[in-house]
Amino acid sequence: MGVRRSALGQVWQLRPFVPRIAEAIANQLDVPLVVGQLINARGIGLDDAESFFTPSLKESLPDPSCFLDMDKGAARIVRAIQAGEEIAIFGDYDVDGATSSAVLYRFLTALGARVRIYIPDRMREGYGPNAPALLGLRRAGVDLVITVDCGTLSFDPLREAVAAGLEVIVVDHHKAEARLPDAAAIINPNRLDDDSGQGQLAAVGVAFLLAVAINRDLRNAGFYAGRRAPDLMSLLDIVALGTICDVVPLTGVNRALVTQGLKVMAQRRNAGINALADVGRVAEAPGTYHAGFIIGPRLNAGGRVGESDLGARILTTDSDNEARMIAERLDRYNQERQAIEAEVLQAAIEQVEAGIGLGGEPDTMVIAAGEGWHAGVIGIVASRLKDRYGLPSLVVAIDDGEAKGSGRSISGVDLGAAVIEATSQGLLIKGGGHAMAAGLSAAPDRLDDLFAFLRDYLRTSVARARESRALKIDGVISLSGATVELIDQIEQVGPFGPGNASPHFVIPDVDLIKADRVGQNHLRAIFKSKDGKSIKAMAFRQADEVLGQLLLTGQGRRFHIAGKLKKDTWSGTPKVEMTLEDVALVGAP
């Protein structure tokens, strides 16, 4: 189509596939050719097409024993169950932590174990295990603590806990150092010495596999003689929610967990997930979008600006009334979070723009820091900055002599490794994370040194990633070919997310009939083809950006439009809609 530079300055690249293999896949699966193309373009050959198209846990679930310390940890928990010891689950305050806590709590209580959940307060206690909380649990009679989605780098708190006679099992997925903390078991596929090959798992996936291992040990020990074993499959809705919201690759076992978990979620078994879906006005079978952008943010809101334990509480209650009340509180916290986020985001953008000047560009990464910024929203603001500038972003909140930071990265740039290296260099009080996200705590007077180190450390990988930046296109279709039936066929290749990207299509040569601002910085546009077909397109958070301004002033001009096709069911009759990712003026240089 002659597009050399789009509105967002991107190259549009057709995602490569092998036509003969794509056709063979389509014939094997009895699906349209476009579905065969989508599967092959995601690196799937003929031999693996069946398992990719219909993923099953039976084929995908690894043997839990392939993880280091899994058997050791499961055996210790079995002893605690049999001896009637009290177990505490110490979870992170985000969705992965809440879902991990809920999976183990529901499973262990179904076995008759004595279990409590402890979620630290983000503002008072910060991320991960802390000594006062662990020692308080010990004084309260807890014998065994299972940390979930945290603990791998908690050297000092775990050492104090062990010295006080408390045993700890770490269940985590964050990047580890060569040195490991004192613990009875450290189950983490991202340990440097773990060769399970399952490093893509979220913590909730690791927690689910721990439940599988415990279940197997109990069965072998004859524990279920005369009693029914817990239904592990019923926990998959929670597992799917945590996996989607932690933005881990939807490949391998994650793909199977999410596929099967969404089916369980559609059965509305969990009172908490149902209540969150209801306050979010989800009126259809939930998919990855509903989990990631409607249910997940509300579940997260308690940990960000409200009560940290609400996420775990709503996922573990069986009372519809209690779930509804908690969901309404979380919805209010989410609205409060959105307002705070908007204020911090505006301040961060103004700070960044002032630093780079008119028409400038940040160096290597985007960094913003502010006194009094709410630490509960800095991760979301970092994500917004990353999307705006196309660079790794770090946002730091400074309060009461401590700087707390949260970062988000771009594909091909390992931010977690950079933060861990900064910790080893003595630039941080603590820090950790994974490739796409990281968190840290630092002394305010070390921030300049930290920022210089991160920029230098990431410079080469960021340059490489930006050189290869492109919008991957899965196909070019006419407006008349964009049908509801086509969307149904495309969705069979899902669930979509990291590692299995949502398909992007280009609809060429359409006239912009109308464009207007809707909601908070969103844009709605109507395009029409030469044969009279029309489509509504939404560009989220783009009204004040380059893309939005081009469309708001482009009525009557002709565009190529690129984005994701979706079904609009608001009016009752499904219609095709596009979520715009980019546009290009027809005939523009």
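Of all residues in region 1-39, how many are touching a residue at least 24 places away in the same chain (Cβ under 8 Å) and polar (S, T, N, Q)?
Adding up the residues that qualify gives 4.
Which of (1) more than 21 Å from residue 229 (Cβ to Cβ); (2) in the same structural domain as residue 189 (by TED's automatic domain parsing); (3) touching a Phe, Trp or Tyr at 6+ places or on another chain (Cβ under 7 Å) does residue 115 not meet, given it meets every other one?
Here residue 115 clears every test but (1).
For region 356-380, enumerate the residues that are closer than 24 Å to residue 7 by Cβ and buried (at least 24 other Cβ atoms within 10 Å of the Cβ).
Result: 365, 366.
State whether one or more residues within region 121-129 are in the same structural domain as residue 302 (by TED's automatic domain parsing), modelled with pLDDT of 95 or more, out of contact with any helix residue (DSSP H, G or I) (no Cβ under 6 Å at 6 or more places or on another chain) and surrounded by fewer than 16 Cβ atoms within 10 Å (Cβ to Cβ).
No: region 121-129 contains no residue that is in the same structural domain as residue 302 (by TED's automatic domain parsing), modelled with pLDDT of 95 or more, out of contact with any helix residue (DSSP H, G or I) (no Cβ under 6 Å at 6 or more places or on another chain) and surrounded by fewer than 16 Cβ atoms within 10 Å (Cβ to Cβ).
Given 94, 69, which one is under 30 Å from residue 580 (Cα atoms) and assigned by TED's automatic domain parsing to the domain that holds residue 302?
Only one candidate qualifies: 94.
What's the number of the condition residue 445 fails, among (1) closer than 26 Å to residue 548 by Cβ; (2) modelled with pLDDT of 90 or more; (3) surrounded by fewer than 14 Cβ atoms within 10 Å (Cβ to Cβ)?
Condition (1) is where residue 445 drops out.
Between 491, 485, which is farther than 23 Å from residue 364 by Cα, crowded, with 16+ Cβ neighbours inside 10 Å and of a type in the set (Asp, Glu)?
Testing whether each residue is farther than 23 Å from residue 364 by Cα, crowded, with 16+ Cβ neighbours inside 10 Å and of a type in the set (Asp, Glu) leaves just 491.
Which residues, taken from region 398-414, are buried (at least 22 other Cβ atoms within 10 Å of the Cβ) and more than 23 Å from residue 472 (Cα to Cα)?
Result: 403, 404, 405, 406, 407.
Is it true that residue 304 is assigned to a helix (DSSP H, G or I), of a type in the set (D, E, K, R) and modelled with pLDDT of 95 or more?
no
Have a look at 454, 479, 471 and point out the one that is surrounded by 20 or more Cβ atoms within 10 Å (Cβ to Cβ) and at pLDDT below 95.
479
Mind telling me which of the residues 61, 134, 57 ends up being buried (at least 18 other Cβ atoms within 10 Å of the Cβ) and either more than 16 Å from residue 208 (Cα to Cα) or of a type in the set (A, V, I, L, M, F, W, C) (or both)?
Just a single option satisfies the conditions, and that option is 134.
Looking at region 414-492, what strands (runs of 3 or more DSSP E) fall wholly within it and have at least 1 residues that are within 20 Å of residue 127 (Cα to Cα)?
Passing ranges, in order: 430-434, 437-442.
Among the candidates 212, 282, 206, 258, single out the residue that is of a type outside the set (D, E, K, R) and touching a strand residue (DSSP E or B) at 6+ places or on another chain (Cβ under 6 Å).
Testing whether each residue is of a type outside the set (D, E, K, R) and touching a strand residue (DSSP E or B) at 6+ places or on another chain (Cβ under 6 Å) leaves just 206.
Restricting to region 542-557, what's the tally of residues that are modelled with pLDDT under 90, part of a loop (DSSP other than H, G, I, E, B) and closer than 16 Å to residue 9 by Cβ?
Matching residues across region 542-557 total 1.
Can you pull out the residues in region 493-525 that are part of a loop (DSSP other than H, G, I, E, B), of a type outside the set (Ser, Thr, Tyr) and within 24 Å of residue 31 (Cα to Cα)?
Result: 493, 494, 495, 496, 498, 499, 501, 503, 504.
Considering region 162-205 alone, what residues qualify as being surrounded by 24 or more Cβ atoms within 10 Å (Cβ to Cβ) and not in a loop (DSSP other than H, G, I, E, B)?
168, 169, 170, 171, 186, 187, 203, 204, 205, listed by residue number.
The values are calculated or read from the model by the stated rules, or taken from the named source; none is laboratory data. Values in this document were obtained by computation on a predicted structure and should not be read as measured data. Note that each Cβ is placed from the backbone with ideal geometry, even for glycine, and that neighbours are counted across all protein chains shown.
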